[in-house]
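Only one structure is covered here, and it is reproduced in the block below.
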Amino acid sequence: MNKITPQNREVVLHKDDFIVSKTCTKGNITYCNRKFMAISGFSEQQLLGNPHNMIRHPDMPKGVFRLMWQALQQGNEFFGYVKNLCADGSYYWVFANVTPDIDQNGQVQGYYSVRRKPEPETLKKYIIPLYQEMLAIEARGQGSSAIEQSVAALKQWVDATEMQYCQAMMRLYQQGSL
Ligand SMILES: Cc1cc2nc3c(=O)[nH]c(=O)nc-3n(C[C@H](O)[C@H](O)[C@H](O)COP(=O)(O)O)c2cc1C
C-alpha cells in the first residue's frame, strides 16, 4: 500500500459508535467491523491480513504501543487513547480497550480491540500534551533507549496520578479528569 500523507483533518466519531478489530498473535488484522471501514475509509480487502500498524499515525508515541504489547504479552488488557490514520490522510481519535483472545485451553489465539469516542476536552487537556512530551523524548534519542525513556515519562505521569496506568485512563474516559 502507498504511504499515506497525514492531513490536518479530523474525522470525529459519534458518541454511539464503536470500532472493532481482531488480530492474530502477530498483530495482523483478521476482522474489522463496518464502522472501522466507514471511519477509516479502508476496505475490508485493504485491512484483512495486514499489520495493524497500517493505520498508525506519526503523532502516536512508540512508547504507548510498547506499553500495550507488554500488557498483552503478560495476558492483561490495555486501555489507551489512540490517534489513527484514515486512508485519505485524515485522523481520528479513539479510546481503545485491547484484550488477548484466549481459548478454552488458555492459549492466546490473537487479540481484539473495541474503541469508543473520546472527549475532545480530555484529549486537549491531558493526552495531547502527554503524547507531545513522549514524542519529543523519542525524537531526541535513538532506538530502544529513546522508547524506554518515553515509557519512563509516561510512567512518571501515571505515578503522579497515584493510580495504575489503566485505572488512570479509565478515570479520564469516564470522568474527564484525574
Ligand atoms: C488488537 C490490536 C489492535 C490494534 N489497534 C491499533 C490501532 O488502532 N492503531 C495503531 O496504530 N496500532 C494498533 N495496534 C498496534 C499495532 O499492532 C502496532 O504495534 C502499532 O501500530 C505500532 O506500530 P510500530 O510497532 O510499527 O511502530 C493494535 C494492535 C492490536 C493487537
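Summary of values
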{"quantity": "Total charge dipole magnitude, region 19-175, about the Cα centre, Cβ charges on Lys, Arg, Asp, Glu only, Debye to nearest 20", "calculated": "240 debye"}
{"quantity": "Pairwise Cα inverse-distance average, inverted: Kirkwood Rh of region 44-109 (Å)", "calculated": "13.4 Å"}
{"quantity": "Sum of side-chain charges, residue 24 neighbourhood, beta-carbon under 15 Å (Lys, Arg +1; Asp, Glu -1)", "calculated": "0"}
{"quantity": "Value of Rg/Rh across the chain [Cα atoms, Kirkwood radius]", "calculated": "0.94"}
{"quantity": "Fraction of alpha-carbon pairs over 17 Å apart in region 118-178 - percent", "calculated": "42 percent"}
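Where a number appears in this text, it was derived from the coordinates with a stated rule and is not lab data. If you're wondering where the values come from, they're calculated on a predicted model, not measured in any experiment. In this analysis, Cβ positions are derived from the backbone assuming ideal geometry, glycine residues included, and neighbour counts consider all displayed protein chains.
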